[in-house]
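Values quoted throughout were computed directly from the atomic coordinates according to the rules given, and no laboratory measurement underlies them. Remember, predicted model here, so these are calculated numbers, not experimental data. Backbone-built Cβ (ideal geometry, glycine too); neighbour counts: all protein chains shown.
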Amino acid sequence: MQTTVTPAELAFAHSVRYRDAMLHAWLRRTGRETPKGASYRPEEVPVYIDVPTNAERSRAEVIEFRARPLQPGKRYGAYLTGGPRSGYFVSTWTGETLATVTHITHWTRRASALTNDRGSFWARGIDGRLYHGRHNGSGLYCSLYLAKDQRSKR
């Protein structure tokens, strides 16, 4: 578990966020970005904007997760991946691990067209800290919070 972040990694993450900001500024200027999202074709983007790939965005998210610890009470959005056989993980949209789930609970509650599965979990982050959260089932969005008590939970 590597928790120190190198200057090269920070520079990479900053570069990705800067390039993404340039893309979104262009989308706003051209009316392609709305509160519901953005729509563009890659060939429409000006050549001076180097659009980051999803893999680059994911790698930047992992670097930032390690570099900027989550503050108590702040929510972090991620995805619950894996399953009972392989184990559960909290990951980025592209599947890079942010935390390993150490304990998970499931209950059935009709609340979504996507899944009836709901529950909570405890996880150990790649930064070494303990987190807890709620999930909507494997493969779906989950909320992650820093645990107040950093002693091992299960």
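Summary of values
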| item | result |
| --- | --- |
| Cα long-axis angle, helix 54-67 against the chain (0 to 90 degrees, to the nearest 10) | 60 degrees |
| Structure-based [θ]222 nm, the chain - -39500 (n - 2.57) summed over DSSP H runs of at least 4, per residue, nearest 500 | -8000 deg cm²/dmol |
| Principal axis dimensions, segment 76-146 - Cα atoms, whole angstrom, descending | 34, 25, 22 |
| Choice from TYR48, TYR88, TYR79 showing the highest fluctuation, given a GNM over the chain with Cα pairs closer than 10 Å | TYR48 |
| Normalised per residue, the volume of the convex hull around the Cα set of the chain (Å³) | 147 Å³ |
| Theoretical FRET efficiency, 1/(1+(r/R0)^6), r = Cβ-Cβ of ASP50 and ARG129, R0 25 Å, to 0.05 | 0.15 |
| Charge dipole (segment 9-154, unit charges on Cβ, about Cα centre) - positive-most of TYR18, PRO52, GLY37 | GLY37 |
| Semi-axis lengths, Å, segment 1-78, gyration tensor of Cα atoms, sqrt of 5 times eigenvalues | 27, 16, 9 |
| TYR79 long-range amide H proximity, modeled H, under 5 Å | SER91, CYS142 |
| Stretchable slack from SER39 to ALA21, in nm (0.36 nm times residue separation minus alpha-carbon distance) | 5.0 nm |
| Where a label projected 7 Å from the Cα of ARG29 along Cα→Cβ would reach, residues of segment 42-82 with amide N under 15 Å | 44-51 |
| Whole-Hz couplings from phi, Karplus 6.51/-1.76/1.60, listed for segment 24-33; x for Gly and Pro | 5, 5, 5, 4, 5, 4, 8, x, 8, 9 |
